[in-house]
1. Along the stretch 269-280, what does the Karplus equation 6.51 cos²θ - 1.76 cosθ + 1.60 (θ = phi - 60°) give for ³J(HN,Hα), rounded to whole Hz, x for Gly and Pro?
2. Give the distance, in whole Å, between the Cα centre of the stretch 638-652 and the Cα centre of the stretch 337-369.
3. Summing +1 for each Lys or Arg and -1 for each Asp or Glu, what net charge is found among the other residues whose Cβ lies under 12 Å from the Cβ of D487?
4. Given K640/K673; K514/K566; K566/K640; K523/K566, which pairs have Cα atoms separated by over 18 Å?
5. Please list 3J(HN,Hα) in residue order for the stretch 432-443, calculated via the Karplus relation 6.51 cos²θ - 1.76 cosθ + 1.60 where θ = phi - 60°; whole Hz, with x for glycine and proline.
6. Can you figure out the FRET efficiency of T682 with V656, using R₀ = 22 Å and their beta-carbon distance, to the nearest 0.05?
7. How much length would be gained if the chain were fully extended between L700 and N342, taking 0.36 nm per residue of separation minus their Cα-Cα distance, in nm to one decimal?
8. Please work out the FRET efficiency for the pair L420 and L495, using the Cβ-Cβ distance as r and a Förster radius of 35 Å; give the result to the nearest 0.05.
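The values are calculated or read from the model by the stated rules, or taken from the named source; none is laboratory data. Since the structure is predicted, the reported quantities are computational estimates derived from the model, not experimental observations. Neighbour counts are summed over all protein chains in view; Cβ atoms, including those assigned to glycine, are modelled from backbone coordinates with ideal geometry. Remember, those area values only see protein heavy atoms, side chains included, never the ligands or the DNA or RNA. Shrake-Rupley method; radii C 1.70, N 1.55, O 1.52, S 1.80 Å.
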Amino acid sequence: MSLYHSILRSLRRSSSSTTTLRSFSYYSAQQIPPPPPLSSDSNTDHTTSSNYYTSNPNPTTTTTTNHNQSYQYPPQQPPSYQYSPQQPPSYQYPPQQPPSYQYSPQQSPSYGPSSPTASTTAPPPFRNVFEPNPNSTTTTTGNVSETTPNSTTKPFKNVFERSTSSTTPSSILSNYNSSSVNGTQPPPRYGFSSAEEAAAERRRRKRRLRIEPPPHALRRDPAAPRPRPDPNAPRLPDSTSALVGNRLNLHNRVQSLIRSGDLDGGAALARQAVFSNTKPTVFTCNAIMASMYRGGRYEDAVNLFRYFFIQSKIIPNVVSYNVLINTHCDAKRVDAALDVYNQILSHAPFSPSPVTYRHLTKGLVESDRITEAIDLLREMLIKGHGADSLVYNNLILGFLELGNLERALEFLDELRERCLVYDGVVHATFMDWYFKQGREKEAMESYQNLLDRQFKMTPVTCNVLLEVLLKHGKSSEAETLFQSMLDSHAPPNTLSVNSDTFNIMVNECFKLGKISEAVTVFKRVGTKEKSKPYQMDAACFNNIMGKLCENGMVSDAEELFAEMPKKQACPDFTSYKIFIELYLKEERVDDAVQFFNKMSETSIRPGKGFCDKVFDELVKRGRIEEASDIIGRMGEKDVKPDPLSYEYVVMGLNNVGRLDRARDLLDQMVKNKIAVTPNLRTNVFDVFGKEGRIHEIERLLGRQCEKTSVPSPAPHGSTPMGRQYGASSSAPLQKPGQEMGFQNTQSN
C-alpha cells in the first residue's frame, strides 16, 4: 500500500495547475538543479503532430516544433538517472554474486503540455538516450532535434513527467505493475522488486539467524555466572594447556632427574608434589613411569600407575595405559595387559590407539598366542582403525618364526591392499628371516622391491634396514643407503637421519677396527644441492667420545668435546662423566677436578651415586681441600649434594683435623635441610667430643639431627619401590572394575 500511495501522490502533484515542476528528492539527493520552469506567457508555438506518448502505435510523421528560445539536445538540465541492472538479479541470502549496476539515463523529459489523447504503454528496456536508436528516426528543425520511435519500440514512461492520462487507482496500479516487454522486468526499487519479496527476505533472514546465530550471540556474558558442571560427566585427562607455570617447572625438574639417571629422585619428587598445590600433570606421571619401564623396573612402573591414577585420582590418558600394557607384556603378564585393554573399552573416555594394538599383538606373539593376536587385529580393523604396519609386522614375524612363510606373505599382501604406502620395517623383517635361512637372493630381492616402491621412509625405518644390512655383512648396500639418507636430509621439511643413524654407522666402524674412518663418517654430510648437514646433539658426541676413550684416543675425544659448543650441542651429564671417570682412572686428578668444577658451575644435575664416587676418590687421594670447596659451591646452588657426599667429605675433614671446615659444612646441611646419616652423626659427636667442642654440635644439630636423620642408604635397587608407596610390590593388586585402569600384576 505504501507504493500505491506514493504513486498517487506523485500523480496528484503532476495534475495540479502549477506550471513549475517540483524539485523531487532525487534532484536534491544528487545535488542536481531542477529543470527550468515553463512560462505560461511564452510565445512558444507547440505544434505537435504526434506526441512522445501517443496512442497511435504506428506514427509516420515527425514532429516539428519551433521555439523562440534555442534549445539543445540533450537539454541543459541533467537527465534523471536510475539504477538498471544488466540482468535482473535473483535475490538469495547470501547472494551468490552481487548484481553489477550501471547508470542508465532516462529519456529527456518533455516540458510541453502532453497530448490529451496520450495513453500509457508498457515500458521498454532501458536505453541510453545519448546513443542513436536503430528503431527510430530523427528530424532536426532549427536547433531542435526530436526522435520518433518506430512501431516496434515503445518508450518507457517517465514517472516524473506530468501526464493527463487516467489517474484512477486501478489504472495507476495496472500501469505501474504492468508486465515487462520482451521478458525484461523493471529495475527493483530499494533492492527488491516488490514489498512481498522484501518481506519474504526478512523472513528468510530470521530463519537463518535461528539456525546459525551470529558470533556475538554465542559469546558468553563475562558477568554472567558460570553454569554448574555436570557431576555425572566423565572426567577427562589433562591437555597440553595444563603444562604451564609451576606444573611445567615441576615437569622439567622431574625430566632433569630422569636424564641424569636418578629415577628414584624423580619418582619421589613427583609423588611428593601430589600433596602440594602444584600437582603433577599426567605427562609428568607418564614420564617417570616410562623411565621405570626403560630401566627394567617393571614392578615400580606398575606401583607408580596405582599411586598416581588410582590412589591420587589423577586421570590417565591413553599413553598411561599403553605404558602399563607394555610393562605387563614385557613382564610376561599378557593376561593382565588384556585386562587393561578391556578396561579402556569399558571405562575410559577414549578409544585405544594403534600403539595399544602394537604392544598387545607383540606380547601375544611372543607368548605363542598368535591366534589371539589375529583376532585382535580383526577387532582393530572393525573398530575403524587403519591398517597399522607395525601390527601386521608383529604377526608376520610370528609366522616367520613358526616357519609359515606362506601365511606371512598373505598378511603382507593384505597390508598392501589396505595401504598404498606402508612402513618398510616389514621388508626388514623378511630380509632378516631370509638371511637367517641362508636365502640371500630372496633377502636382497625384498630389499630391492622396497626401494623400487620409492617410499618416503622415516629415519627409524631406515635405521632398521641399516642394522639388518650391517648385521649380515652387506656393508656396500648399507653405505649406499646411508649416503642416500644424507642426500635427502633437508630440514625442516624432510628429516632422513637422526642420532641413531650416525651411532649405527660409527659403531660399525669401531667394530671393524676402522677408527679413523669412524671420525670421517661422523662428520659426513650430503652431497646434493638441497641437502643440509645434520645438527648433531649430545647423544652423537657422547657415543663417539666414549668409543674414542675406550680405544685410547683421548686427544681426539677432547677435540670433539671442544667442538660441541661450536656445533650448538650442549654437553650433558654423560659428556662430563666420560672424561671425569677416565681422568680418575688414569690418575689425572687435576683434570678430573677441573671437569667436575665445570659441571658444578652449570645447571646439570649429576647422576645418583656419581658425586659420591668422585668425592670418595678425592678424599682417598688426599685432595680433601678440593673436595670441600666443590661440595661447598654445590650446596649454594640449586643442585644440592646428597647426604652420602657430605658424609665422605665431612668425615675426611674430621680425620685431618679440619673441624672448622667440617662444622661449616654441617651448618650448610642444616640450612639446606639435608638429612644427616647415622654414621656421620656418630663420627661428628666423637671427634668434636674429644676436642671439647661437643656443645657446638649439640647447638647446631641437637634435636634437628634426630629429626632429619635417615638410615644409611641401601645399595641401589635393594629397596622395592612398592614399599615407598605404602604397599609391597608382592601385594595383590585390584582387579579390573574395582578401580579404573589398574590390573592384577600376578604372573600368569
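1. Going residue by residue, I get 5, 5, 5, 5, 5, 4, 8, 9, 6, 9, 7, x Hz, with x marking Gly and Pro.
2. 46 Å
3. On the way: positive: R524, K528, K530, K532; negative: E529.
Net charge around D487: +3.
4. Details: K640/K673 10 Å; K514/K566 26 Å; K566/K640 30 Å; K523/K566 14 Å.
Going by Cα-Cα distance, K514/K566; K566/K640 fall outside the 18 Å limit.
5. Coupling constants for the stretch 432-443: 4, 5, 4, 5, 5, 8, x, 9, 5, 4, 5, 5 Hz.
6. Numbers: r = 18 Å, r/R0 = 0.84.
The computed FRET efficiency comes out at 0.75.
7. Result for the pair: 123.1 nm of gain on full extension.
8. Details: r = 22 Å, r/R0 = 0.62.
Rounded to the nearest 0.05, the efficiency is 0.95.
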